[in-house]
Amino acid sequence: MRIRTTPLTLSAFASLLFVLAWGGIAWGSFQYDDFANILTDPATFTVPDLLERLVHGIRPLTRVSYALSATTFDEWAGGWLLFNGLLH
């Protein structure tokens, strides 16, 4: 018997794998360099600093995702992890 693979079944299977592998990320915490690179960096929390970093820095999409996470989840690490997991 052959199992039919449709985009819907493949998406459901990928979603199930994601939940099984990363289901606990909502209870995660910031680690090691997250404090220096994210939480204490002004570009994470203020628009003028973010814009300056986007023009003269590296990894602009990473910076924008940090700013969106900070705006949405403040310092709740689980929210940051969920958001970035969904982006991936």
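The values are calculated or read from the model by the stated rules, or taken from the named source; none is laboratory data. Just so it is clear, the model here is predicted, and its values are computed rather than measured. When we count neighbours, we look across all protein chains shown, and the Cβ atoms used for this are built from the backbone with ideal geometry, even at glycine. We work out accessible area using only protein heavy atoms, side chains counted, and drop any ligands, DNA or RNA first. Shrake-Rupley method; radii C 1.70, N 1.55, O 1.52, S 1.80 Å.
Applying the set (1) within 29 Å of Trp76 (Cβ to Cβ); (2) β-branched (Val, Ile, Thr); (3) at pLDDT below 85 to Thr40 leaves exactly one unmet item: (3). Could you please let me know if Ile58 is exposed (fewer than 10 other Cβ atoms within 10 Å of the Cβ), within 18 Å of the chain's Cα centre (by Cα) and not in a helix (DSSP H, G or I)? In short, yes.
Selection of region 43-88 for residues being over 15 Å from Phe30 (Cβ atoms), out of contact with any Lys or Arg (no Cβ under 9 Å at 6 or more places or on another chain) and of a type in the set (D, E, K, R) yields Asp49, Glu52, Arg59. May I ask you to list the residues in region 1-18 that are open to solvent by less than 70 Å² (accessible area, probe 1.4 Å) and of a type in the set (Ser, Thr, Tyr)? Correct list: Thr6, Thr9, Ser11, Ser15.
Considering the conditions (1) modelled with pLDDT under 85; (2) in a loop (DSSP other than H, G, I, E, B), Phe30 is excluded by exactly one of them, (1).
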